Structure formats: C-alpha cells, structure tokens
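In what follows, a structure is listed as structure tokens, so that the remarks can point back to it.
The values are calculated or read from the model by the stated rules, or taken from the named source; none is laboratory data. This is a predicted model, so every value here is computed, not measured. As a convention, Cβ positions derive from the backbone with ideal geometry for all residues, glycine included, and neighbour counts pool all protein chains shown. Ligands, DNA and RNA are stripped out before the accessible areas are found, and what is left, the full protein with its side chains, is counted by its heavy atoms. Shrake-Rupley method; radii C 1.70, N 1.55, O 1.52, S 1.80 Å.
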Amino acid sequence: MEVQDFVQKNSLGEKLFQQKIDTETKIEPKDWMPDAYRKTNIRQISQHAHSEVVGMLPEGNWITRAPSLKRKAILLAKVQDEAGHGLYLYSAAETLGISRDEMIEQLLTGKAKYSSIFNYPTLTWADMGAIGWLVDGAAILNQVMLCRTSYGPYARAMVRICKEESFHQRQGFEILLVLSKGTPEQKAMCQDAINRWWWPSLMMFGPRDSESTNSDQSMQWKIKRKTNDELRQQFVDMCVEQVKVLGMTLPDKDLQWNEQRGHYDFGEINWNEFRNVVKGNGPCNKQRLNARKKAHEDGAWVRAAAMAHAKKKAENVKQNAA
Ligand code: BYC
C-alpha cells in the first residue's frame with residue numbers, strides 16, 4: 001500500500017471511529033480503534049483493577065479484629081467483592097490485547113499505578129467506616145460515570161461493580177453512624193478517622209483539570225464523561241450534607257457555600273503530598289507492594305497446578321478423540 005493511501009485510510013478510520021463515539025455506539029473488542037484509544041483504556045482499566053486488588057489490603061487488615069461476628073462477615077464479603085471487581089476489570093483489559101501476566105508484572109515492578117488512597121494506614125475500626133463512606137463514596141461517583149464509558153466491556157463491568165459499591169458505601173456510613181452515637185471515645189474515633197481520610201479521598205479524583213494530562217483526549221473519546229474537578233466538586237457537595245447526619249465535621253476551615261457557583265468552596269489540596277504518594281513515597285506504598293509480591297510468590301504453586309491440570313485435561317480430550 002502507498003504511504004498516502006495508508007494515511008488516508010487511517011484518518012478515515014479515525015473519523016468513523018469518532019463518529020461512532022459521538023453517536024453513542026459502544027466500541028467493542030474486535031472493532032477498529034486508534035492505538036492511543038487502546039493504550040489509554042489498557043492503562044486506565046488495569047490501574048483500576050490494581051486499585052481494587054491493592055485496595056483489599058487496608059481493610060483486610062481489620063477482618064480478624066472486627067468488633068462482632070456480624071461486622072466480620074460483612075467486611076469479609078466486602079473485601080471479597082473487591083477481589084471480584086479486580087478480576088472483572090483484568091478480564092475487560094485483556095479484551096484489548098494485554099495479558100493478565102503482563103498487567104501483574106507492571107504492578108509488581110512499580111510500572112503501573114494504582115489509586116493513591118490505598119497507601120494510607122488503617123489505624124482504628126472507625127477507618128473501616130471512613131473507607132466505606134468516603135473512599136467507596138468517591139469511587140462510586142467516578143464509576144457511575146464509567147457505566148457510560150465508550151468501551152463496551154469496561155462499561156458493562158462497571159454496571160455490576162456499581163451495585164456492589166453502593167452497598168459498600170452504605171455499610172461504611174452505618175459503621176460511622178453507630179460510632180457517632182456511642183461513647184465519647186467512639187465519637188472521637190469517628191471524627192479522627194474522618195479527619196485522616198478526607199483529604200486523601202479528595203485526591204482520589206486525580207490532579208486538577210489544568211494538570212490532568214489525559215483528560216482532554218479521554219473526554220473527547222468519552223472514556224471519561226466528567227472531569228476530575230467536576231467529580232471532586234460533586235463529592236464535596238454530597239459529603240457536606242451527609243456529615244451533618246453524623247453530627248461530625250469535615251476538616252476544612254475554608255468549606256463554605258458559594259451562592260454564585262451553587263457549590264461549596266473548599267480549601268487547597270496538598271498536591272505535593274499527592275505527587276509524593278503517586279511517586280511511591282506514601283506512608284504504606286512499600287508495604288502494599290511487598291504484600292502483593294508475597295501473595296504472588298505464595299500463589300505460584302496454585303498457578304502451576306492449574307496449568308498442569310489444564311494440560312492433562314487437554315491431552316485426555318486429544319486421546320479420547322483419537
Ligand atoms: N492515584 O491525566 P489524569 C475502589 C495519575 S478502587 C494514583 O487526570 P486520568 C475501592 C493518572 O493515572 C477504585 N495515580 O489521569 C477498592 C495519570 O498518570 P499516568 C479506583 C493517579 O486517567 C477497594 C496522572 O496521574 N478507581 O473503588 O485521565 C476498597 C495524571 O492524571 C490518581 C479507579 O481506578 C490517583 N488518585 O484520570 C475501596 C477509576 N489520579 O497513568 C474502594 C478509574 C490520577 O498517565 N480511573 N493519577 O501515568 C479513572 O477514572 C481515572 O484514571 C482517574 C485519573 C480519574 C483516576
């Protein structure tokens with residue numbers, strides 16, 4: 001093919017592709033797509049999957065110490081849901097031509113990112129409530145938007161994930177509600193957890209729009225439907241009302257209703273802290289990655305056994321067919 005023909009064919013392909021996006025036709029695995037669209041989806045979906053898997057660690061830490069059998073069963077179910085979300089998302093990313101092994105390798109070597117929020121420690125039982133209310137709350141806002149993302153397998157995975165996330169968020173709020181009506185020590189524990197998780201939760205939405213390197217293109221391709229700042233503002237407006245039900249406060253002296261904007265103004269996020277955590281220097285980054293590396297090594301025999309079993313089964317099928 002002549003170079004000119006190739007360029008024309010490619011730019012026509014891109015035009016048709018954008019037309020599909022503009023008319024809300026989902027992009028499916030076998031459809032033609034620009035290389036950068038494929039790469040962006042692989043990056044985002046695999047980071048999302050890693051976040052679910054690493055996200056099990058801060059809560060997993062409390063399963064043995066949950067205050068009652070009922071709380072233990074609920075927390076166990078929630079952490080199992082997160083493992084399931086990770087698996088759906090790895091499968092969705094695989095449809096774009098990357099293997100599970102490659103993705104895991106990228107996580108374990110520090111090449112792939114996962115959400116900054118999971119690099120903070122869980123110090124008290126109230127942290128389970130704050131994670132459910134704030135972290136899952138932030139995640140849902142982002143994921144409701146992703147139910148309408150343009151890549152079909154990602155959008156469909158998100159529908160089910162959102163249903164489970166909404167249960168997660170409510171269980172967290174309920175933990176805090178019980179503590180907020182408890183002894184002075186329990187109330188203090190509740191407020192302390194909110195104080196520690198508030199600002200990192202705001203960072204989950206990513207850098208300011210002006211600093212967001214991927215947003216413009218991802219909005220054009222409808223991978224993202226709302227910008228980082230739009231979602232963050234929606235989250236602040238929602239939490240300001242919900243914290244009143246708890247009788248607690250959000251740790252931001254600059255929070256104030258802005259009549260003109262129809263939104264709450266809020267204080268400056270510590271972006272240095274965000275960048276530092278994303279770079280690998282947060283309070284628990286090393287601990288989290290080491291835990292994942294150990295889990296991967298400890299699970300090597302299971303993978304080897306599954307492969308040997310699959311091989312044997314395939315050989316049996318072959319022999320029976322002969
Ligand atoms: N942490 O251009 P931007 C859960 C990176 S888990 C670390 O705005 P984008 C749960 C970003 O990757 C749910 N890195 O990026 C589980 C980019 O770097 P690269 C987690 C971050 O992609 C267990 C650079 O900064 N949710 O629910 O357009 C228990 C510039 O950013 C972060 C998802 O993963 C961060 N917070 O927008 C409880 C949702 N923010 O890759 C709960 C899916 C940004 O160019 N992901 N970066 O080197 C998304 O929606 C988008 O990827 C983001 C960022 C909104 C997060």
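Sorted largest first, the principal axis extents computed over the alpha-carbon atoms of segment 80-228 equal 54, 35, 31 Å. For segment 37-82, which whole-number percentage of the solvent-accessible area (1.4 Å probe, protein heavy atoms only) is attributable to carbon and sulfur atoms? Ligands and nucleic acids excluded, carbon and sulfur reach 62 percent. Indicate the helices, whole DSSP H runs only, in the chain that combine a mean Kyte-Doolittle hydropathy of -1.0 or more with a Cα extent along their long axis of 24 angstrom or more. TM-like helix candidates: 3-22, 35-54, 69-94, 152-180, 184-203, 228-246, 300-321. Note on segment 223-280: Rg/Rh from Cα positions, Kirkwood definition for Rh, rounded to two decimals, is 1.03.
Pull out a ≥ b ≥ c, the square roots of the eigenvalues of the alpha-carbon gyration tensor of segment 180-240, then state rounded if a/c is under 1.5, prolate if not and a/b is larger than b/c, and oblate in the remaining case. Prolate, because a/c is 1.5 or more and a/b exceeds b/c. Taking amide H atoms as placed 1.01 Å from N in the peptide plane, the amide H of His263 lies under 5 Å from those of Asn258, each 5 or more residues away in sequence or on another chain. Summary of packing: across the peptides 178-187, 282-291, 311-320, the per-residue average of other C-beta atoms within 10 Å ranks them, highest first, as 282-291, 178-187, 311-320.
So, for segment 30-125, what is the accessible surface per residue at a probe of 1.4 Å, expressed in square angstrom? Numbers along the way, then the final one.
Numbers: 4310 Å² over 96 residues.
Spelled out: the 1.4 Å probe surface of segment 30-125, per residue, equals 45 Å².
Using only alpha-carbon positions in the chain, the gyration tensor eigenvalues give semi-axes of 36, 29, 17 Å once each is multiplied by 5 and square-rooted (largest first).
I'd like the carbon and sulfur percentage of the solvent accessible area for segment 200-293, probe radius 1.4 Å, heavy atoms only, ligands and nucleic acids excluded.
On the way: 2420 of 5200 Å².
Roughly 47 percent of what the probe reaches on segment 200-293 is carbon or sulfur.
Here the Gaussian network model covers the chain, with springs between Cα atoms less than 10 Å apart; of Asp136, Asp209, Asp81, Asp209 fluctuates the most.
For segment 15-142, lysine pairs separated by 8 or more sequence positions, or belonging to different chains, with Cα-Cα distances below 28 Å total 15. Per residue, the solvent-accessible area of segment 127-193 (1.4 Å probe, heavy atoms of protein chains only, all protein chains present) comes to 37 Å². Calculated accessible area for segment 220-322 comes out at 68 Å² per residue, all protein chains present (probe 1.4 Å; ligands, DNA, RNA ignored).
Label zone of Lys311 (point 7 Å out along Cα→Cβ, amide N under 19 Å): in segment 97-138 this covers 101. Applying Stokes-Einstein at 10 °C and 1.306 mPa s to the Kirkwood radius of segment 173-322, computed over alpha-carbon pairs, gives a translational diffusion coefficient of 80 µm² s⁻¹.
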